[in-house]
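The values are calculated or read from the model by the stated rules, or taken from the named source; none is laboratory data. For clarity, every value in this text was computed on a predicted model and none was experimentally measured. FYI the Cβ positions are ideal-geometry reconstructions off the backbone, even for glycines, and counts take in every protein chain you see. These area figures cover heavy atoms from the full protein model, side chains too; ligands, DNA and RNA do not enter into them. Shrake-Rupley method; radii C 1.70, N 1.55, O 1.52, S 1.80 Å.
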Amino acid sequence: MKNAVIGNNKQKANLIVLGAVPRLLYLLQQETSSTELRTECAVVLGSLAMGTENNVKSLLDCHIIPALLQGLLSPDLKFIEACLRCLRTIFISPVTPEDLLYTDATVISHLMALLSRSRYTQEYICQIFSHCCKLQHWHSCGFKSLPQPLLCANGPDHQTILFNHGAVQNIAHLLVSTSYKVRMQALKCFSVLAFENPQVSMTLVNVLVDGELLPQIFVKMLQRDKPIEMQLTSAKCLTSMCRAGAIRTDDSCIVLKTLPCLVRMCSKERLLEERVEGAETLAYLIETDVELQRIASITDHLIVMLADYFKYPSSVSAITDIKRLDHDLKHAHELRQAAFKLYASLGANDEDIRKKIIETENMMDRIVNGLSESSIKVRLAAVRCLHSLSRSVQQLRTSFQDHAVWKPLMKVLQNAPNEVLVVASSTLCNLLLEFSPSKEPILESGAIELLCSLTQSENLALRVNGIWALMNVAFQAEQKIKSDILRGLSTEQLFQLLSDSDVNVLMKTLGLLRNLLSTRPHIDHIMSTHGKQIMQAVTLILEGEHNIEVKEQTLCILANIADGTTAKELIMTNDDILQKIKYYMSHSNVKLQLAAMFCISNLIWNGEEGSQERQDKLRDMGIVDILHKLSQSSDPNLCDKAKTALQQYLA
């Protein structure tokens with residue numbers, strides 16, 4: 001059987017269909033079977049697992065994993081190795097659920113104990129661990145805008161389980177093994193254990209192996225004379241440790257070793273997989289650090305080098321066979337998404353880098369094409385790239401306009417999954433700033449309706465972005481647009497947002513109200529239709545448990561209302577609100593005192609119809625006494641405002 005199935009997928013499938021698996025598993029588990037027979041069974045099963053994903057599914061359906069794990073309790077090393085090799089092959093397959101390794105708590109500690117038995121047990125066990133340790137894949141690096149996924153509610157995650165079983169101590173010394181395969185699998189284990197895990201990363205920094213610290217060992221493995229796979233994997237380890245705060249971003253092992261190594265991986269001499277992984281890891285390394293972004297942008301002409309990611313899936317030298325070419329053409333989209341991701345990180349903060357990126361040949365066209373690609377990963381990465389570049393005032397006014405980027409962006413927003421929507425709506429916020437020439441056409445294409453619907457999303461980031469974009473739209477807008485926003489939002493929705501549990505949503509909604517209530521005719525018009533509800537909302541917030549910023553923003557809205565011609569009356573006839581303004585004039589926080597002062601100034605300003613009656617009413621409430629007190633204030637701003645207000649009474 002063994003000789004028939006090696007390297008022959010058809011024969012493997014035949015044997016499985018004929019029911020060989022249950023029989024082999026029976027023989028494997030029989031106490032009466034000789035060790036040689038049991039080992040041969042494990043070898044044949046391992047060979048069957050090497051076939052297609054369907055083969056692996058058939059093996060899993062026959063409960064092969066518990067049988068093999070049971071086999072690890074045998075005293076015979078050859079049999080143990082055969083079981084481990086088979087387990088390794090099964091766990092590498094994408095169809096195998098990682099959790100099957102963790103169903104029995106004793107399995108992990110037994111595997112740790114087997115690590116010392118032979119170089120084969122070391123290689124296979126490390127390989128099993130690195131495939132069964134899932135937090136997130138590298139490919140969904142937790143970029144800024146995406147909230148981290150919550151770990152499974154049912155107990156600790158895989159990294160923590162392995163860490164608590166002493167993985168670091170047990171695996172560290174394997175990095176100096178005489179076997180390359182063992183060194184490599186141990187390294188992969190660390191790259192997976194440390195990813196987005198401060199606890200593991202902080203531990204790794206201080207681990208000694210043969211008198212050398214782990215980071216130094218990783219740096220040695222980065223050197224140009226080492227195999228590419230080893231260079232890349234140790235760069236990932238150092239990257240994770242850096243992002244977790246265990247290594248400083250200005251440490252020479254990052255600046256002089258890790259970063260240049262990752263840039264080398266982006267060159268077109270490298271294989272497609274290496275270029276993808278190199279660019280993605282580099283994007284993650286520099287994502288939040290301006291200095292690293294600057295260094296990367298001037299290393300080996302990286303910005304130009306990435307333009308090649310859109311051209312040839314593989315270099316001429318790498319295509320030794322037609323199979324490779326076929327593979328690379330199928331995976332070319334991975335290169336594009338990696339390039340977009342890295343451009344997004346490079347341009348996250350620095351205006352000059354953004355300019356360089358945009359001036360790279362056909363860059364805007366590439367982004368526009370990326371926005372409509374069929375691959376969701378490419379679309380997401382293209383939107384990220386666009387978002388990063390949209391932080392530039394200069395680019396919003398020029399390239400973004402020349403290429404009508406807003407059109408494909410609006411299309412992306414029509415029906416995308418949440419992770420794309422979050423980044424796309426953040427970008428839209430920037431395209432809707434008042435100096436952006438795209439603002440007009442975006443509004444004409446129905447953006448307000450779209451944004452109003454985002455404010456009703458379950459997803460917090462989408463609610464924030466929807467309301468933020470509306471706030472930008474309302475800034476210095478004409479009355480028609482303001483009315484469209486109020487119509488689109490509906491009063492219920494506005495109240496919903498003002499009682500949102502998230503302070504960001506609340507602040508942006510108040511910002512929107514403040515922008516809507518600016519310029520007199522607009523203030524009067526909006527207060528004549530929505531006055532009652534808005535005053536109710538203001539009262540609610542001033543009474544609620546909110547921070548200083550929220551209350552200040554709310555008092556500023558009142559000051560705007562007080563600036564209206566007819567709108568003033570809504571405040572003057574509302575004794576509850578007047579008492580609140582009076583209360584905040586004597587508050588311990590200067591910001592709130594100032595904001596309350598603005599309200600009063602706008603109400604008592606001379607020369608406006610009814611100013612005399614308003615002054616009298618406020619004097620009777622004791623406002624003038626407070627103004628006298630404030631005119632003695634140690635805060636120069638308050639003192640000024642109080643004196644100016646008192647002059648209105650004397651005029």
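If you go through the range 596-621 and keep only what is over 15 Å from Y649 (Cβ atoms) and either among the hydroxyl-bearing types (S, T, Y) or open to solvent by 50 Å² or more (accessible area, probe 1.4 Å) (or both), you end up with F598, E609. Taking helices (runs of 4 or more DSSP H) as the structural unit, those lying wholly within the range 1-71 and holding at least 3 residues that are closer than 23 Å to V107 by Cβ correspond to 20-29, 35-49, 53-61, 64-71. Exactly one residue among T121, T106 is in a helix (DSSP H, G or I) and open to solvent by 10 Å² or more (accessible area, probe 1.4 Å), and that residue is T106.
Note on the range 392-407: among residues that are farther than 17 Å from S426 by Cβ and surrounded by fewer than 19 Cβ atoms within 10 Å (Cβ to Cβ), the one that is modelled with the highest pLDDT is K407. Of T239, T258, T288, T281, all but one fail to be β-branched (V, I, T) and open to solvent by 10 Å² or more (accessible area, probe 1.4 Å); the exception is T288. Summed over the range 584-595, residues that are open to solvent by 20 Å² or more (accessible area, probe 1.4 Å) and either touching a Cys at 6+ places or on another chain (Cβ under 9 Å) or without any contact (Cβ under 8 Å) to a residue 12 or more places away in the chain (or both) total 2.
Residues of the range 219-258 that are under 22 Å from V176 (Cβ atoms), touching a Cys at 6+ places or on another chain (Cβ under 9 Å) and among the β-branched types (V, I, T): V219, I247, T258. Exactly one residue among E53, E31, E40 is surrounded by fewer than 20 Cβ atoms within 10 Å (Cβ to Cβ), modelled with pLDDT under 95 and over 45 Å from the mean Cα position of the chain (by Cα), and that residue is E31. The set of residues in the range 311-332 that are surrounded by 20 or more Cβ atoms within 10 Å (Cβ to Cβ) and either assigned to a helix (DSSP H, G or I) or modelled with pLDDT of 95 or more (or both) contains only D328.
Quick one: is S345 outside any helix (DSSP H, G or I) and either buried (at least 20 other Cβ atoms within 10 Å of the Cβ) or polar (S, T, N, Q) (or both)? Here the answer is no, as S345 does not meet what is asked.
Please find, among M363, M410, M471, the residue that is surrounded by 15 or more Cβ atoms within 10 Å (Cβ to Cβ), touching a Leu at 6+ places or on another chain (Cβ under 6 Å) and not β-branched (V, I, T). I'd like the intermediate steps shown before the answer.
Numbers: M363 fails: touching a Leu at 6+ places or on another chain (Cβ under 6 Å); M410 fails: touching a Leu at 6+ places or on another chain (Cβ under 6 Å).
The match here is M471.
Test each condition in (1) assigned to a loop (DSSP other than H, G, I, E, B); (2) open to solvent by 20 Å² or more (accessible area, probe 1.4 Å); (3) not aliphatic (A, V, I, L, M) for H628 and report the one that comes out false. Failing condition for H628: (1).
For S490, are the conditions met, namely being hydroxyl-bearing (S, T, Y) and open to solvent by 60 Å² or more (accessible area, probe 1.4 Å)? Can you show your working first?
Details: hydroxyl-bearing (S, T, Y): yes; open to solvent by 60 Å² or more (accessible area, probe 1.4 Å): no.
So S490 fails the test.
Just give me the residues in the range 1-22 being among the small types (G, A, S) and either surrounded by fewer than 14 Cβ atoms within 10 Å (Cβ to Cβ) or under 14 Å from N54 (Cα atoms) (or both), in sequence order. Listed by number, the residues that qualify are A4, G7, A13, G19. Of all residues in the range 442-453, those that are of a type in the set (D, E, K, R) have Cβ atoms under 8 Å from Cβ atoms of residues that are open to solvent by 30 Å² or more (accessible area, probe 1.4 Å), 6 or more apart or on another chain, in E449/G488. Here the condition is being without any contact (Cβ under 8 Å) to a residue 40 or more places away in the chain, within 22 Å of S130 (Cβ to Cβ), open to solvent by less than 60 Å² (accessible area, probe 1.4 Å) and out of contact with any His (no Cβ under 7 Å at 6 or more places or on another chain); of V209, V205, V219, V276, it holds for V219 alone.
Given the criterion modelled with pLDDT of 95 or more and among the hydroxyl-bearing types (S, T, Y), identify the matching residue among S267, S297. Show your work before the answer.
Values: S267 fails: modelled with pLDDT of 95 or more.
Sole residue among the options that is modelled with pLDDT of 95 or more and among the hydroxyl-bearing types (S, T, Y): S297.
Would you please name the residue that is farthest from P227 (Cα to Cα), looking only at residues in the range 156-199 that are open to solvent by 40 Å² or more (accessible area, probe 1.4 Å) and outside any helix (DSSP H, G or I)? Among them, the one singled out is P156. Screening T509 with (1) open to solvent by less than 10 Å² (accessible area, probe 1.4 Å); (2) modelled with pLDDT under 90; (3) not aliphatic (A, V, I, L, M) gives one miss only, at (2).
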